[in-house]
Amino acid sequence: MKKLILSTAALALSAGFALADTVRMGTEGAYAPWNFINDAGEVDGFERELGDELCKRAELECTWVTNEWDSIIPNLVSGNYDTIIAGMSITAERDEVIDFTQAYTPPDPSAYVALSADVDPAGGIVAAQAATIQAGFIAAQGWTLVEFATPEETVAAVRSGEADAVLADKSFLDTVVGSDGLVMLERMEQIGGGVGMGVRESDGELKATFDAAIQSMKDDGTLNALITKWEVASTF
Amino acid sequence: MFQYCADPETLEGFKWLSCYLTTGKHMNFYWSFLTVLALLAITAPTALAFGFFGATAARSPVPPLRWLGKAYTSIVRGVPDIAFFLFFVIALDQGFEWMRHQVICPDWSEPIRQGNDFLVCPEAKLPLSTSPQWIHEVYGFFLAVLTFAIVFGAFAANVLFGAMRAVPRGQIETAEAYGMSHRQAFWRVLVPQMWMYALPGLGNLWMILIKATPLLFLLGVEDIVYWARELGGTVNARFTAYPHGDWRMWYFLALLVFYLGFTRVSEIAIERLNRRLLKGQAIAGGGS
């Protein structure tokens, strides 16, 4: 009987360890080049490659999950996945709800795209994705803001004339300028504090693990190489 | 998929399209049609069962049961679908995990609610975080079926409640005069006859259920509308072998055809069923 109890205890313990090793990575899958769904229907992009490398270094087994941007934080805190790796800028407001690892891209300016180069965003209607730093910025300026659930729709709003300009990360807008007469404005906005991985506040261990893995990628230059390859941001 | 798809840039016209429409991403899109159809096929009978219990409970002579039935139909019908789908599913999921937590890890000392976080012991998570992705998807699908069944069951309960009352009182009295018990009269006389009165209302609900399936995405199930939006969006040549502009209109047009076709087929089926149920009934339109 005692043996039985011991072996069940051992089994429970080993199961506990096995469980800790699988990390579910939550992303949006609609924000090229950061994260997107490729032709094969799988998550791809800068963050896919980065995440896989981080997991390899931290010796974790990772699976990828896509979730709508709007509910990406609530689903993290209720435990449907363990990290957010979705081009999410580190802000004080988000930091109250979740924790962030150290940034894996430096703070970069956000850019505007419009149908002509002489559009003044301050006097017009600006599109942004809901619940982003860009939407928060426009609202704080008191300009006219139209919000959309997906990045694709914000650009479509400019094409259709519903909005005069769209404000988003420069690397994302780089993928759309040049098509359909879209041009980037010279004006940039210095907002956001770099992009980091979101983890639950109670998950200090996972945060430390990823912090160390990001640091090791920073130190040996692989992170900069990855940033350059995907053209997502400036390098460290 | 096809041999000649290896280098899409060199392809043109029909060949390009045949390669484009058979990418892994498109396969996910086609698969999502099956998901939606499977959801409807499972949800409709489940919701009907919920409705039947709701209706029988609401007309029960036992007061607590009656209150339960009435409360279910009036509360669920009164809450907006979108609020129900956003709030209820997370609550349901957390409820399941909480119950498992109580059973599996009774010695767990840390609090489950830590600030914003909801933390049960790893063994109580549903599904386990080590489970493969398909189990997570099946679980999400199951939550979706349950939520749809609860919402549409409440409406069905109301329809069936009305239908049970519409069966002429004389029919029951006759049955009882023949010596049938309450239960026998209910199953042999009332239930077979109520469907005729219930069908128009249930048919309506079926149509609404078909149109409500895009709510699936709120539940984390990737449905046809999600994939249509994803596939139709502009893609830059840097990220795909098949770059194209904003094609969402075409994808949504395909969805329009699908939904219209599906509701039309349903209408015909409901009409046939109705004619069958009316056969031999002693009311206007029946008897033929």
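Data for the structure
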{"quantity": "Whichever residue in the stretch A:30-47 is part of a loop (DSSP other than H, G, I, E, B) and within 8 Å of chain B (Cβ to nearest Cβ) and, among such residues, is modelled with the lowest pLDDT", "calculated": "A:Ala32"}
{"quantity": "Complete set of residues in the stretch B:213-230 that are more than 9 Å from chain A (Cβ to nearest Cβ) and crowded, with 17+ Cβ neighbours inside 10 Å", "calculated": "B:Thr213, B:Leu215, B:Leu216, B:Leu219, B:Val221, B:Asp223, B:Ile224, B:Val225, B:Trp227, B:Ala228"}
{"quantity": "Selection status of B:Gly245, surrounded by 19 or more Cβ atoms within 10 Å (Cβ to Cβ) and either touching a Phe, Trp or Tyr at 6+ places or on another chain (Cβ under 6 Å) or within 12 Å of another protein chain (Cβ to nearest Cβ) (or both)", "calculated": "no"}
{"quantity": "Answer from B:Leu146, B:Leu119, B:Leu126 - the residue that is free of Cβ contacts under 8 Å to residues at least 24 places away in the same chain and aliphatic (A, V, I, L, M)", "calculated": "B:Leu119"}
{"quantity": "Positions within the stretch B:57-108 being more than 14 Å from chain A (Cβ to nearest Cβ) and in a loop (DSSP other than H, G, I, E, B), in sequence order", "calculated": "B:Arg59, B:Ser60, B:Pro61, B:Val62, B:Val79, B:Pro80"}
{"quantity": "A:Ala140 within 12 Å of chain B (Cβ to nearest Cβ), of a type in the set (A, V, I, L, M), surrounded by fewer than 19 Cβ atoms within 10 Å (Cβ to Cβ) and free of Cβ contacts under 8 Å to residues at least 12 places away in the same chain", "calculated": "no"}
{"quantity": "Hits in the stretch A:103-118 (condition: part of a loop (DSSP other than H, G, I, E, B) and under 17 Å from the mean Cα position of the chain (by Cα))", "calculated": "A:Ala103, A:Tyr104, A:Pro106, A:Pro107, A:Asp108, A:Pro109"}
{"quantity": "Filtered residue count, the stretch A:48-78, keeping only those that are small (Gly, Ala, Ser), part of a loop (DSSP other than H, G, I, E, B) and either crowded, with 21+ Cβ neighbours inside 10 Å or more than 8 Å from chain B (Cβ to nearest Cβ) (or both)", "calculated": "1"}
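The values are calculated or read from the model by the stated rules, or taken from the named source; none is laboratory data. Predicted model only: the values in this text are computed from it and were never measured. So basically every Cβ, Gly included, is an ideal-geometry build from the backbone, and we count neighbours across all protein chains shown.
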